[in-house]
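Trainee: A single structure is presented below for examination.
The values are calculated or read from the model by the stated rules, or taken from the named source; none is laboratory data. Please read these numbers as outputs of a predicted model, since none were measured by experiment. All Cβ positions, glycine included, derive from the backbone under ideal geometry; neighbour counts span all protein chains shown. Protein only, heavy atoms only, side chains kept; ligands, DNA and RNA dropped before computing areas. Shrake-Rupley method; radii C 1.70, N 1.55, O 1.52, S 1.80 Å.
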Amino acid sequence: MKFQSPSGKIIKSPKKLSFDFVPDKLPHREEQQQNLFMLFRRVIESGVSQNAFLHGNVGTGKTASAKRFCMDYKEWAAEKEKRVDYVFVNCRKRSNKSLILWKIISKFDRGFPDRGFSVGEMMEIVRRHIKNTGTHLFIILDEADALIQRDGPELVFLLSRFDDETMVPKGSISIFLISQKNVLELLDESALSTFKRSNRILFKPYDKDQLSDILAYRADLALYPGSIEEDELNLLSLIASERGDARLGIELMEKAALLAEENGRNLIGPEDIRTAKADIDPYMTASRLRGLNDNERMILLAAAQKLRNKSFTTTGDLETHYHVLCENYEKNSLGHTQFWKYLKSLSGDGILETETTSSGKGRTTKVSLSDIPAGLLEKKLMELIEG
Ligand SMILES: Nc1ncnc2c1ncn2[C@@H]1O[C@H](COP(=O)(O)OP(=O)(O)O)[C@@H](O)[C@H]1O
Ligand SMILES: [Mg+2]
């Protein structure tokens, strides 16, 4: 058969939306980068080892920040004629000492056999390499809770005491622990004594405005210019801000872009975003809709119709359209106060999003939908209402 590529063109560089891509900049993580630098600059200035614990929820930029930091630090050290290298290990994929040590050794000995060496022997090989090359090694243990829970804290202990054990020059290995859980609680006394408690760097969930900057930046890198507009960026950030999760935002942007391309469009629309969201994490299930009363269904139907081609509508437009609909269906409509009460409750249940902003013209409340495409919601509601 003849294959046909989608005619829409939105994604310029798919690689730049992937999870392992490390962008040059990480907006809103400057403080964490600077804190890391304050801790680690002594590594080459005074030749001492340092350790850090990067702590925060999923999608808060821990992995990306650690990688970016190590890349930039390596360059900074090279300018000062110091050798720094780093090894990145995902402990969910490699969750015991041997697997992790093997990954570290393969960094400088590509053909190293993956069996036949004890932990002690492998530690010795790492030690020799460091001594012979005068390298300072950063070891990033990402998702470190997986290692500590399955294999205990011993490897963290061994690595963080590396300097004390032998004649290697001081300042040979630094460790980055990364985890959503507080791994310091999982370490035992001996590991903790070398792994200072104070070196925790916190990654808070991103808020909506931060996500909006991050997504605009990632869109700039990965998409053709003009493929996404401000309202749609705002809708994406609003959805991702429920979890403060940049990963969710980027994943949604990618899926929405692919959907638009498949439909031959060069612009991401609100319905692409909602379809992507419903696909990743369906929330607006049929049973949820059946649980709504008649008033709620009519308000929601009005919203679905107003939002068919838009990311946001205003409460004023929504209320007007709601009255039109009630007339069409010959239903009693709610007065203004009651209408607001129901709208608030729909938004409290996470079915609709409302957002109030103040401007020169006073306060306006915008309404949006994030969990289901408006077209699909409209169809489901009509079925229920018309029975
Ligand atoms: N500040 C930021 N600027 C740009 N992209 C970011 C930022 N923070 C996170 N990301 C991106 O979001 C995704 C998730 O980040 P990641 O570092 O994997 O989070 P974590 O390790 O905390 O779960 C990655 O694709 C990453 O590149
Ligand atoms: Mg991570």
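Trainee: How do the pairs read when you match residues in segment 12-35 that are under 17 Å from HIS55 (Cβ atoms) and touching a residue at least 24 places away in the same chain (Cβ under 8 Å) with residues anywhere that are hydrophobic (A, V, I, L, M, F, W, C) and open to solvent by 70 Å² or more (accessible area, probe 1.4 Å), using Cβ under 9 Å and keeping only pairs 6 or more apart or on different chains?
Mentor: The qualifying pairs are GLN32/LEU202.
Trainee: Conditions first: (1) within 16 Å of ligand 2 (Cβ to nearest atom); (2) farther than 18 Å from GLN50 by Cα. ILE140 passes all but one, so which condition is the exception?
Mentor: Checking ILE140 against (1) within 16 Å of ligand 2 (Cβ to nearest atom); (2) farther than 18 Å from GLN50 by Cα, the one that fails is (2).
Trainee: Of the residues in segment 22-48, how many are open to solvent by less than 50 Å² (accessible area, probe 1.4 Å) and over 22 Å from ILE139 (Cβ atoms)?
Mentor: Here is the first cut: in segment 22-48, the ones open to solvent by less than 50 Å² (accessible area, probe 1.4 Å) are 22-23, 26-27, 29, 32-33, 36, 39-40, 43-44, 47.
Retained after the next criterion (residues that are over 22 Å from ILE139 (Cβ atoms)): 23, 27.
The number of residues fulfilling the criteria is 2.
Trainee: Note down all Cβ pairs under 9 Å where the first residue falls in segment 308-330 and is free of Cβ contacts under 8 Å to residues at least 24 places away in the same chain, the second is among the charged types (D, E, K, R), and they're at least six residues apart or on different chains.
Mentor: Between residues of segment 308-330 that are free of Cβ contacts under 8 Å to residues at least 24 places away in the same chain and residues that are among the charged types (D, E, K, R), the close pairs are ASP317/LYS306; HIS321/LYS306.
Trainee: Let me ask you something else. Can you tell me which condition LEU211 does not meet? The list is (1) aliphatic (A, V, I, L, M); (2) within 16 Å of ligand 1 (Cβ to nearest atom); (3) not in a helix (DSSP H, G or I), and all the others hold.
Mentor: Tallying (1) aliphatic (A, V, I, L, M); (2) within 16 Å of ligand 1 (Cβ to nearest atom); (3) not in a helix (DSSP H, G or I), LEU211 fails exactly one: (3).
Trainee: Output the residues belonging to segment 190-205 that are away from ligand 1 (no atom under 16 Å from the Cβ), open to solvent by 20 Å² or more (accessible area, probe 1.4 Å) and either modelled with pLDDT of 80 or more or of a type in the set (Ser, Thr, Tyr) (or both). Spell out how you get there, then give the answer.
Mentor: Just the residues of segment 190-205 that are away from ligand 1 (no atom under 16 Å from the Cβ), to begin with: 190-199.
The next check asks that each one be open to solvent by 20 Å² or more (accessible area, probe 1.4 Å); those that pass are 190, 192-194, 196-198.
Residues satisfying the conditions are SER190, SER193, THR194, SER198.
Trainee: Please go through (1) within 16 Å of ligand 2 (Cβ to nearest atom); (2) closer than 22 Å to SER193 by Cβ; (3) charged (D, E, K, R) for LYS62 and return the number of the only condition it doesn't satisfy.
Mentor: For LYS62, the exception is condition (2).
Trainee: If you scan segment 54-72, which residues turn out to be assigned to a helix (DSSP H, G or I) and either in contact with a strand residue (DSSP E or B) (Cβ under 6 Å, 6 or more places away or on another chain) or not assigned by TED's automatic domain parsing to the domain that holds ILE139 (or both)?
Mentor: Pass one, segment 54-72, residues assigned to a helix (DSSP H, G or I): 62-72.
If the condition is that a residue be assigned to a helix (DSSP H, G or I) and either in contact with a strand residue (DSSP E or B) (Cβ under 6 Å, 6 or more places away or on another chain) or not assigned by TED's automatic domain parsing to the domain that holds ILE139 (or both), then LYS62, THR63, ALA66, CYS70 are the ones that fit.
Trainee: For ALA260, indicate whether it is within 30 Å of GLY8 (Cα to Cα) and surrounded by fewer than 20 Cβ atoms within 10 Å (Cβ to Cβ).
Mentor: Details: within 30 Å of GLY8 (Cα to Cα): yes; surrounded by fewer than 20 Cβ atoms within 10 Å (Cβ to Cβ): no.
The answer is no for ALA260.
Trainee: Select from segment 2-25 the residues that are more than 16 Å from ligand 2 (Cβ to nearest atom), assigned to a loop (DSSP other than H, G, I, E, B) and modelled with pLDDT of 95 or more and write down the one among them that is farthest from ARG218 (Cα to Cα).
Mentor: ILE10
Trainee: I'd like the full set of residues that are assigned to a helix (DSSP H, G or I) and either β-branched (Val, Ile, Thr) or within 23 Å of PHE162 (Cβ to Cβ) (or both), limited to segment 26-53. Break it down stepwise before answering.
Mentor: Step one: of segment 26-53, the residues assigned to a helix (DSSP H, G or I) are 30-45.
Across segment 26-53, the qualifying residues are LEU36, PHE37, MET38, LEU39, PHE40, ARG41, ARG42, VAL43, ILE44, GLU45.
Residue by residue, here is whether (1) open to solvent by 70 Å² or more (accessible area, probe 1.4 Å); (2) at negative phi; (3) not basic (Lys, Arg) holds:
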residue	(1), (2), (3)
LEU184	no, yes, yes
ARG218	no, yes, no
TYR224	yes, yes, yes
ALA240	no, yes, yes
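Trainee: Among the listed residues GLY111, GLY116, identify the single one that is over 25 Å from LYS74 (Cβ atoms) and out of contact with any helix residue (DSSP H, G or I) (no Cβ under 9 Å at 6 or more places or on another chain).
Mentor: Numbers: GLY111 fails: over 25 Å from LYS74 (Cβ atoms).
Exactly one residue qualifies, and that residue is GLY116.
Trainee: Something else now. Which one is modelled with the lowest pLDDT, of the residues in segment 94-144 that are more than 29 Å from LYS80 (Cβ to Cβ) and hydroxyl-bearing (Ser, Thr, Tyr)?
Mentor: SER95
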